[in-house]
Amino acid sequence: MIDHILSILIFFPALAAVLGFMIHKDSIRAYGVTVGIIEFALSLYLWFSFDSNVSGMQFMEHIPLVTSFGINYILGVDGISLFILVLAAFFTMIGIASLTDTKNVKNMIITLLFLQMTMMGVFSALDGIIFYVFWELSLVPMLYIIGAWGGPLRIYASVKFFLYTFAGSLVMLVGMLFMAYFYYQATGQWSFAILDWYRLILPENIQLWLFAAFFMGFAIKVPMFPFHTWLPYAHGQAPTIGSVILAAILLKMGTYAFIRFSLPMFPDASVYFMFPVAILAIIMIVYTAMIAYAQKDVKQVVAYSSVSHMGVIILGTFAMNVEGISGSIFLMIAHGVVSGALFLLVGVIYDRRHTKMMDQFGGLAHVMPRYATIFGLMMMASVGMPLTINFVGEFLSLLGFYQQSHILTLLAGIAIIVGAIYMLAAYKKMFFGEITHEENRNLPDVNKRELVALLPLAVITIWLGIYPKPILEPINNSVESIVQLMHDKSITEEAKTRIPNLVKSAEITNSSAEEAH
Amino acid sequence: MLEPINVSLESLNLMTLSPMLIPIIGALLILVVDMFKSGLDKTLYVVLSILFLIMDFGALTGSAGIFMQDGTVMGMFDMMLIDGLAILSQFIIVGASMLFIPLALTNKRFHEFSYPEFFALFLFMIAGFQFMVSTDNLILVFVGLETSSLALYTLIAMHNRTKSFEAAVKYFTMGALAAGFFSFGSMIFYALTGSIEISQIATVLAANQYVDIGYVLVAVTFLLASFGFKLSLVPFHTWAPDVYEGSSAAMAGYMSIVPKIAAFVVTMRLFEFLIHSGIVWLEMVLYIFVVLTMTMANIWALVQTDVKRMLAYSSVSHAGFVMAAILIGTTQSNSALFLYWILFSFTNLGSFSMLWMSRQKHLPEHQSSDHSYDKFAGMIKTAPVAASIMALFMLSLAGLPPFALFWGKLYMISSAVTGGYTVLALIMALNSAIAGYYYLKLIVYMFMKEPVTGNEGHIYVSNATLALKSIIGFAAIGTIFAFVALNPLLEFITSFVYNSGY
């Protein structure tokens, strides 16, 4: 079973979703939760069977699909993708468990299970086309979730979300076809396998073009600064569960793909574009933080803060060293946990008051103390308080980028501190002061169903903030091998110096240790 | 005194004719049956047609076997040319026809299916298409083209609605113009080279190094216009939406597939040597046609309010997309054309059949046409299975993986990449994104809007019978599981295209 654990992880939810059509709509929630728990258990099983000392791919599966065109069904997991898989399983589980009363709940749960299949597929695919299949397929359930259960502008928001990402990924597809063609020219054989592509050393000008093509697909998904306009609409209109999955997992597809595709495949282009991308990331951090401060709707505040933190992830990724990339992967998980939790928390208050406007609240800390506590914790984590999960990731990301540019890192660091302002302001408006609206006086505090989702997230936030090692270590191992690969592959001087050579530095430490003896 | 003409029967190679003769015999037989006893039920004719199409398919399999062993076969004074292109396209023609003809078994009674002539004409039309693709001879192409087109005009008119008469007349007028262009173009080629066989024309033109380039260009212009009409390339596409709207949905779906593949094969034979002759003008004109057809048809499709017209523009756009294969002109792109068209025929026939299944004879008051977007609003609530299948076809047409048409698009764009047409590859990709919008529009109506009052689920399946449902189920399964059959299909197509020298 362990040999095919990834296929099981991908297709178990799909199978469950298909069979779910037969279940009566009153019982579907229990079914969804059960399937979610089984899937999460499977993902934990994957984690515990994972050998964290190995830096390469594990549990690989290989089935030929279109041999004459080099398309194979290849799966595999390493330290980079492992925790995102676990996170995806976890969020689908608690997402279904905490689902509040929705109309057509059966369609919703079946859609969520299909969405889970696509997420699992994206993070475990090791073939360009298989990756693309799941990447595109993930749009359909999300389109339906936003379009069918969303707010008044839901159709506009969902179509915008779909078309934006679809257009970007088609450009990426052309890039992939070029990549396969170059591989064909080099070896005489078509291949879309990512591990094959890693071995291909391309001239710099081709790298630049291909980097741009892949960038279109990934940057729209993240979303990076000029392409981010679909996200506020999607978040603003989506139901709580949609926002949670979107922020926690779907956006990570873009940043994950940067690490999986762009960096190891185009090391020289990545170095070439390091500063433009970093500047975009910093604009993204500062600009969205400023927009977030201007919002009246608490969900939009959370949405923009989520975009803002994605900027830090990009910054860490493009640091091109072990600290930066490990930090950005850790921050992906942290951001998933924290922003997912924040969207859940916004959903809690929305269910009670059916408004997300901050001026409708005030003094909530008196009536909902437990809610205020958890919200406060998550807000602190989002701001990047030490000893919370976000701090570890942000610190490492910035530390990594500090080696490339002091000034830009300083700017980003200041922007993050400034980012605390809008979160604290929002918290103040909602929770402190006198109760200004009579309706708020008798609001019930968080109930058991909501606690089921929120408590584990709170525990993770603190636990991984204090002791990040169990996650950081496997990530580090895989990242080291990728950084080394990038260093070995790079052809320009610039790239050779920007990307550290781990083997050499290891040798130096060894030899200096010997001298000391 | 003249020598007695002595032709040995073996040199005629009558085997090459057998796939075309089978539907002709079938058509005659249907007429004979009707002569002996009229007023027989349509099911008889449908089954007879299917039987003959199966035999036709069997004969084609035989030809394919011969081709794999001996390569290209000529016959009938070298009029017939059975190469890989001919066999592949005949497979598509006959296969799509087999999927189409059971659509006549509707729940409601329609005028045209009560005539046995409908089925006889249908089989004659197939024979015409088969002749058209399996010859190198421009005159035989012309004869095949006219046989099939005249039959097709009649089939459209037999639907017996005001709009279908209009459609038939419109199609006829345009078709006559195209036929005129075709014969004029062939005439110039004959005058230049003294031959009406494409391979001969190519040899002679290459031998004298295109000295009469001006005349060649005139001839090419006429032929391009003629096939532009048949393939509905922009700006010769204007008939397409009206004709699709006027004919029955099933017929419209059929028209978007079978006549076009026949025309594509002839175009491929004709332009293969012209593209590679290095005439820059021709390459530019084709490039412009391809880009215009893809882009403009997509933009027009965006603003349609009727699903059938949207699908009509969408198939114009798909034709432009596939026309790119002829522009690129490599073995990979020519194989991509066939792969694309096979996958397209599944998907498009499926989506038109869904319209056909929901055909109403009398329009309710709130509906302006039978296929308005409003009709499909909230379909997921009233007819969830039908809505899901329709959405599946739409997603496949939009090129969303892993559904059928994605693989066609993938291979086609890849052939543009390998052929050195980078910009074209990007244009093709971005056009798929534009097209995503109008396919999505139908999905939005079906899944995200509230149903119109007074609209119950049964109207979507009002025309359904077991036969229709099986065809749609077949198309849906083919659309979802295309990736399973992809590898053998691709190898088969590539070997056939490669061995015919394209």
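On the basis of being within 30 Å of B:Met98 (Cα to Cα), within 11 Å of chain A (Cβ to nearest Cβ) and out of contact with any Leu (no Cβ under 6 Å at 6 or more places or on another chain), does B:Ala485 make the cut? Judged against the criteria, B:Ala485 is a match. Residues in region A:128-171 that are in a loop (DSSP other than H, G, I, E, B) and closer than 30 Å to A:Gly70 by Cβ: A:Ser138 alone. If you check B:Val497, B:Val461 for being more than 8 Å from every other protein chain (Cβ to nearest Cβ), over 30 Å from A:Val171 (Cα atoms) and of a type in the set (A, V, I, L, M), only one passes: B:Val461. So, A:Phe114, is that one aromatic (Phe, Trp, Tyr), more than 10 Å from chain B (Cβ to nearest Cβ), surrounded by fewer than 24 Cβ atoms within 10 Å (Cβ to Cβ) and under 17 Å from A:Ala248 (Cα atoms) or not? Taking the combined requirement at face value, the residue satisfies it.
B:Ala464 passes every criterion in (1) touching a helix residue (DSSP H, G or I) at 6+ places or on another chain (Cβ under 6 Å); (2) part of a helix (DSSP H, G or I); (3) small (Gly, Ala, Ser) apart from (2). Among residues of region B:454-482 being at pLDDT 90 or above and among the aromatic types (Phe, Trp, Tyr), the one that is farthest from B:Lys375 (Cα to Cα) is B:Phe481. Of the residues B:Asn499, B:Asn487, B:Asn463, the single one that is among the polar types (S, T, N, Q) and touching a Lys or Arg at 6+ places or on another chain (Cβ under 6 Å) is B:Asn463. Here the condition is being modelled with pLDDT under 90 and within 12 Å of another protein chain (Cβ to nearest Cβ); of B:Pro451, B:Pro364, B:Pro401, it holds for B:Pro401 alone. Of all residues in region A:70-107, those that are buried (at least 23 other Cβ atoms within 10 Å of the Cβ) and over 18 Å from the mean Cα position of the chain (by Cα) total 4. The criterion of being at the interface with chain A (Cβ under 10 Å from one of its Cβ atoms), touching a residue at least 12 places away in the same chain (Cβ under 8 Å), more than 30 Å from B:Ser199 (Cα to Cα) and β-branched (Val, Ile, Thr) does not hold for B:Ile480. Sub-7 Å Cβ pairs linking a first residue in region A:128-157 that is more than 24 Å from A:Tyr73 (Cβ to Cβ) to a second residue that is of a type in the set (Asp, Glu) and in a helix (DSSP H, G or I), at least 6 apart or interchain, number zero. In region A:91-110, the count of residues that are in contact with a Lys or Arg (Cβ under 7 Å, 6 or more places away or on another chain) and within 13 Å of chain B (Cβ to nearest Cβ) is one or more.
Of A:Thr229, A:Thr165, all but one fail to be closer than 26 Å to A:Pro276 by Cα, within 19 Å of the chain's Cα centre (by Cα), within 13 Å of chain B (Cβ to nearest Cβ) and not aromatic (Phe, Trp, Tyr); the exception is A:Thr165.
Residues are listed down the side, and each one gets a yes or a no for (1) touching a strand residue (DSSP E or B) at 6+ places or on another chain (Cβ under 7 Å); (2) more than 24 Å from A:Ile110 (Cβ to Cβ); (3) within 14 Å of another protein chain (Cβ to nearest Cβ); (4) not in a helix (DSSP H, G or I):
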| position | (1), (2), (3), (4) |
| --- | --- |
| A:Phe11 | no, no, yes, no |
| A:Leu19 | no, no, no, no |
| A:Thr34 | no, no, no, no |
| A:Ile37 | no, no, no, no |
| A:Asn53 | no, yes, no, yes |
| A:Ile63 | yes, yes, yes, yes |
| A:Asn72 | yes, yes, yes, yes |
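Taking (1) among the β-branched types (Val, Ile, Thr); (2) outside any loop (DSSP other than H, G, I, E, B); (3) more than 23 Å from the chain's Cα centre (by Cα) in turn, B:Val452 satisfies each apart from (2). Restricting attention to region B:423-442, the residues that are of a type in the set (Val, Ile, Thr) and either within 18 Å of A:Ile129 (Cα to Cα) or at the interface with chain A (Cβ under 8 Å from one of its Cβ atoms) (or both) add up to 0.
Screening A:Ile279, A:Ile291, A:Ile314, A:Ile325 for residues that are modelled with pLDDT of 90 or more, assigned to a helix (DSSP H, G or I) and surrounded by fewer than 23 Cβ atoms within 10 Å (Cβ to Cβ) leaves exactly one candidate, A:Ile279. Being over 21 Å from B:Ala435 (Cα atoms) and of a type outside the set (Ser, Thr, Tyr) is the filter here, so list the residues in region B:349-374 that pass it. Within region B:349-374, B:Trp356, B:Met357, B:Arg359, B:Gln360, B:Lys361, B:His362, B:Leu363, B:Pro364, B:Glu365, B:His366, B:Gln367, B:Asp370 qualify. The number of residues in region A:377-395 being more than 14 Å from A:Ile416 (Cα to Cα) and in a helix (DSSP H, G or I) comes to 3. The combined condition, being part of a helix (DSSP H, G or I) and farther than 23 Å from B:Gly419 by Cβ, is not fulfilled by A:Phe178.
Taken as a whole, region B:107-128 holds no residue that is buried (at least 23 other Cβ atoms within 10 Å of the Cβ) and farther than 30 Å from B:Met357 by Cβ. Out of the residues in region A:189-219 that are outside any helix (DSSP H, G or I) and more than 13 Å from chain B (Cβ to nearest Cβ), state the one that is surrounded by the fewest Cβ atoms within 10 Å (Cβ to Cβ). Across region A:189-219, the extreme among qualifying residues is A:Pro203.
Got a number for residues in region A:144-162 being in contact with a Leu (Cβ under 8 Å, 6 or more places away or on another chain) and either over 30 Å from A:Trp209 (Cβ atoms) or at the interface with another protein chain (Cβ under 9 Å from one of its Cβ atoms) (or both)? Adding up the residues that qualify gives 4.
Of all residues in region B:238-259, those being under 17 Å from B:Ala179 (Cα atoms) and either surrounded by 24 or more Cβ atoms within 10 Å (Cβ to Cβ) or of a type in the set (Asp, Glu) (or both) number 1.
Exactly one residue out of A:Val392, A:Val337 is farther than 27 Å from A:Ile279 by Cβ and crowded, with 24+ Cβ neighbours inside 10 Å, and it is A:Val337. If the condition is being surrounded by fewer than 24 Cβ atoms within 10 Å (Cβ to Cβ) and in a helix (DSSP H, G or I), then region B:387-411 contributes B:Ala387, B:Ser388, B:Ile389, B:Ala391, B:Leu392.
The values are calculated or read from the model by the stated rules, or taken from the named source; none is laboratory data. Keep in mind that what you see is a predicted model, and the values were worked out from it rather than measured. Neighbour counts are summed over all protein chains in view; Cβ atoms, including those assigned to glycine, are modelled from backbone coordinates with ideal geometry.
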